[in-house]
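The values are calculated or read from the model by the stated rules, or taken from the named source; none is laboratory data. These figures come from a predicted structure and were not determined experimentally. FYI the Cβ positions are ideal-geometry reconstructions off the backbone, even for glycines, and counts take in every protein chain you see. Surface accessibility is based on the protein's heavy atoms, side chains included, excluding ligands, DNA and RNA. Shrake-Rupley method; radii C 1.70, N 1.55, O 1.52, S 1.80 Å.
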Number of protein chains: 2
Amino acid sequence: MAKVKKQPRPKAQTPKGFRDYFGAEVTQRSEMLRAIAGVYHHYGFEALESAAVETVEALGKFLPDVDRPNEGVFAWQESEDDGNGDWMALRYDLTAPLARVYAQHRNVLPTPYRRYAMGPVWRNEKPGPGRFRQFYQCDADTVGTASMAADAEICAMLSDTLETVGIPRGDYLVRVNNRKVLNGVLEVMGLGADDAKRDDVLRTIDKFDKVGEAGVRELLTKGRLDASGAYIDGVGLSDDQAAPVLAFLTSKAAEAAGTIANLRAAVGDSAVGQEGIAELEQIGELLTAGGYGKDRIEIDPSVVRGLGYYTGPVFEAELTFEILDEKGRKRQFGSVAGGGRYDGLVKRFTGQEVPAVGVSIGVDRLLAALHAKGRLTAEAAGPVVVTVMDRARMADYQAMVAELRNAGIRAEVYLGNPKNFGNQLKYADKRNSPVAVIEGGDEKAGGVVQIKDLILGARIAESATLEEWKERPSQFEVPRTELVAKVREILDGQG
Amino acid sequence: MAKVKKQPRPKAQTPKGFRDYFGAEVTQRSEMLRAIAGVYHHYGFEALESAAVETVEALGKFLPDVDRPNEGVFAWQESEDDGNGDWMALRYDLTAPLARVYAQHRNVLPTPYRRYAMGPVWRNEKPGPGRFRQFYQCDADTVGTASMAADAEICAMLSDTLETVGIPRGDYLVRVNNRKVLNGVLEVMGLGADDAKRDDVLRTIDKFDKVGEAGVRELLTKGRLDASGAYIDGVGLSDDQAAPVLAFLTSKAAEAAGTIANLRAAVGDSAVGQEGIAELEQIGELLTAGGYGKDRIEIDPSVVRGLGYYTGPVFEAELTFEILDEKGRKRQFGSVAGGGRYDGLVKRFTGQEVPAVGVSIGVDRLLAALHAKGRLTAEAAGPVVVTVMDRARMADYQAMVAELRNAGIRAEVYLGNPKNFGNQLKYADKRNSPVAVIEGGDEKAGGVVQIKDLILGARIAESATLEEWKERPSQFEVPRTELVAKVREILDGQG
């Protein structure tokens, strides 16, 4: 008989650009999502969970060509048998699905509709260090109102949220700007909505943080030699044309009133610019009335936010403390959340403009920030491990574990091959267990158990002198009836 | 100039087979997931979250042909630019990713590895009523041990979990069986591993619940006229051959010892059958020692579980209470969780057999069960709504909302167009708000606010006589300084 050709074994590998999360990585994220949801809910926002899958048509922006949708999303075509040959894709954010949901259900949803949503989103992009193709977002949006009270509320909520998850006041700042002010500046410069140079100017403004005032002036006019020695072409504006941009970018003053006055000067008599400034003033007044001062939220003209769909206020939450980057250099941690007003997304579906404003928190970045500040530890405490000295008495060990669990103590019995006791202790170590319980034949006969304080044991092994070791034994023999009480005592002592 | 052809508007529609979840549907599910995770964690299981995406190769079972992978999964081919042309797919369960993760990380993971995982899974199947293409699973598995203590532990944990999420003892039963016993029965019948009739027999056994002993006897032998009058061909066994199957299926006795004795008779001298019975006995002993009696967990030979990969014990949690189905007929609610031992899944990757056992809870079905029993209500309480009588005093209203929130009361200000006050009350109604707060010009001048008990108001409007209405007013005027206290009092009274 001919030998059947064997299938090669599949590779056990996380797909490129994705990753697995273990233990505390998972639980810390769920606790953070829960805390954020709590604040959103407290503000009157309602939960919404749409599916991971949308039609490419509904997601917009990405349109199918003959072969497959443009890059950016993970997409596939439904077979004609099951579906109708539609192109489907994984959502790339939580805003596009919200627009679809609101358009679809708007007759039964309250108006305005405050909703929050959290979950993974997917990007079909080249992965890089720390950049994954699946990551979590945590959004809150108010759909159906043009009131600046909605924008102010979201800024206040963002501030409350950051403090709730463990970023204290002083370690963050919510910075607010308005796209209309920027449009006013462009108008004053004589760059209309269709002017090709408009995008170049916007891109240049975004570099203000990096290259400063002088750098932006060069980039807007004749060009600039960058740090690497390469010559960057300028936008080609005259010095006069560039002046409003520079006035705008440097308009931040010590107090909001000063910033507003500077912005007024920068936009001159542009109607849209003045409108944007009035909106910023309204937001400022509402936040001041709510007790949110400039230690938490401030107007900052350098906030641009890349997304093209923003139409009014934009905001960004920045962590202001310094961390060391991978090369050991100090740098500010930077942005962890952002959002703004977008009035056109629902219109794609309904034809009617529906004003909306929202914020998106980058949960994974926030977690990284808490780790960087030492406010979260990588490893959580493991369970108490009841070791197995006599395989035939597994029921005895299970009974111990049940007693511990019923007393609210996380506990498990060792389920591996019990022959080698050293392996059991190695296992407890790998699990980060605080306590091991041992009951051999002698202990059973004597009605006692051995309880090992693994944290103290490790500390003694590392550093203690013989005297200290004698004074503070890390293993105790106690009556079987006192098992739970003694384990509890040790756990309490470990704090 | 030629008119530019307008793109048609996208349809605002949930993709076929998917759905949107709103408000309490979302929060009740997250609370349930959290409660289940709590029990799993307490038992020593560690969280794992892998991505939604795996290579089709790693998922197994579904292999790519020239065009696209077989049905069952949502799959797409990576472009050669970004990736390496691999076929990718959304996971269809949480067990296949676990096998991949364990094979990949086995050198750093503890052995045995107890892990839990929860999240959506996707099936590319024809959707039906109540059957969606994305749904939640909540799994716990122990990888790397052949000990029956692992199987017993998972049964006990399943029982604890059901009680924790609100299914009281008596309303559920965890039923345990063993595939090896079934294999022993087939061996006694002379049906070897390669016998074509084997699958027919298994399918017939699965119908025992529906057609009973006599029905199974007919189906195993000459065939049977079903309820609709159609003739179902039989498997074609002789009466003697069919006897062991019937002995097996009817072997359940009042006590476990009786069931075990009956099973011994059914498998005769089949070695694998006897091994399976010994395993069931071990599980039974461990559970009895742990205090899990037959009111919670019992041996039941009629449990088969469809999946081909189970190799030993299998179990199923069934809700035993009756509900009314969509046609008003009484029926048992049925299975909400199941699992078993599978020793071959990791081997696909590593070539080495790695014993494993796990359970999967169908979270959406459990939620449906709690709704059917009236233990969850569809609507949760909405926020207190502060209405807007004077648009210019938005800051005043925001301050009220902030006071309420700081006192721990969920509250929001009305953000729609405030012109029509009736719309504001309609909005509060739609939000299921318990209380509305009103402060017009007169109230402001008098230093008071109006507080409306909307729950009481609705009840009065429905049923009260004029006298009752006068005695129990649903609207109160209180000093502005007593806003929080009065709202709290009303909320407490609403219970």
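Counting only the Cα atoms, the range A:104-222 fills a convex hull of 228 Å³ per residue.
Sorted largest first by accessible area at a 1.4 angstrom probe radius, with every protein chain in place, the residues B:Lys426, A:Lys347 fall in the order B:Lys426, A:Lys347. Label point of B:Lys426 set 7 angstrom out along Cα-Cβ; within the range A:97-114, amide nitrogens under 14 Å from it belong to A:107-112.
Take each of the peptides B:177-190, A:197-210, A:263-276, average the number of other beta-carbon atoms within 10 Å over its residues, and list them starting from the highest. Please list the in-between numbers first.
On the way: B:177-190: 23.4, A:197-210: 16.7, A:263-276: 18.7.
Per-residue mean Cβ counts within 10 Å order the peptides as B:177-190, A:263-276, A:197-210.
Note on the protein assembly as shown: with neighbouring protein chains present and a 1.4 Å probe, carbon and sulfur make up 50 percent of its accessible heavy-atom surface. Here the simple spin-label model places points 7 Å from the Cα toward Cβ, and for A:Glu281 and B:Ala392 these points are separated by 1.4 nm. Work out the mean other chain Cβ neighbour count within 10 Å for the residues of A:428-441 and drop it here as an integer. Across A:428-441, the average partner-chain Cβ count within 10 Å equals 1.
Chains A and B together bury roughly 8600 Å² of accessible area, counting both sides, with a 1.4 Å probe on protein heavy atoms only. Output the 0 to 90 degree angle, nearest 10, between the alpha-carbon long axis of helix B:208-220 and the longest principal axis computed from the alpha carbons of chain B. Tilt of helix B:208-220: around 20 degrees.
Quick one: order B:Ile438, B:Ile455 from most to least accessible surface, probe 1.4 Å.
On the way: B:Ile438 15, B:Ile455 60 Å².
These residues rank, largest area first, as B:Ile455, B:Ile438.
A Cβ-based charge dipole, computed about the Cα centre of chain A with Lys and Arg at +1 and Asp and Glu at -1, lands at about 1740 debye.
How crowded by other chains is A:16-26, given as the mean number of beta carbons from other chains within 10 Å of each beta carbon? Before the final figure, lay out the partial values.
Details: counts 8, 5, 7, 3, 9, 5, 10, 6, 2, 3, 9.
Neighbouring Cβ atoms belonging to other protein chains average 6 per residue here.
In whole percent, what relative contact order does the range A:384-494 give with Cα contacts below 8 Å and a gap of six or more residues? Can you show the working numbers first?
On the way: 138 pairs, mean separation 29.0, N = 111.
Relative CO of the range A:384-494 lands at 26 percent.
A simple rule links phi to the HN-Hα coupling: the Karplus curve 6.51 cos²θ - 1.76 cosθ + 1.60 with θ = phi - 60°, which for the range B:481-487 gives 5, 9, 3, 4, 4, 5, 4 Hz, with x for Gly and Pro.
Taken one residue at a time, the phi angles of the range B:422-432 give Karplus couplings (6.51, -1.76, 1.60, θ = phi - 60°) of x, 4, 5, 6, 4, 4, 4, 5, 4, 7, 6 Hz. Gly and Pro are set to x.
Mean per-residue shielding of peptide B:37-49 is 6, counting Cβ atoms of other chains within 10 Å of each Cβ. Between B:Ala214 and B:Ala368, the FRET efficiency from the beta-carbon distance, with R0 = 45 Å, is close to 0.85. Taking all protein chains into account, the per residue accessible area for the protein assembly as shown stands at 45 Å² (1.4 Å probe).
Each Lys and Arg adds +1 at its Cβ and each Asp and Glu adds -1 at its Cβ; summed about the Cα centre, the protein assembly as shown shows a dipole of about 900 debye. Axis angle, to the nearest 10 degrees, between helix A:271-289 and the longest C-alpha principal axis of chain A: 40 degrees. Stretching the chain fully between A:Ala380 and A:Ala257 yields a gain of 39.5 nm (0.36 nm per residue, less the alpha carbon separation). Between the range B:244-282 and the range B:337-370, the alpha-carbon centres lie 24 Å apart. Backbone amide hydrogens, once placed in the peptide plane, bring A:Val448 within less than 5 Å of A:Arg480, excluding anything fewer than 5 places away on its chain.
Its Cα centre serving as origin, the range A:275-365 has a Cβ charge dipole (Lys and Arg +1, Asp and Glu -1) of approximately 380 debye.
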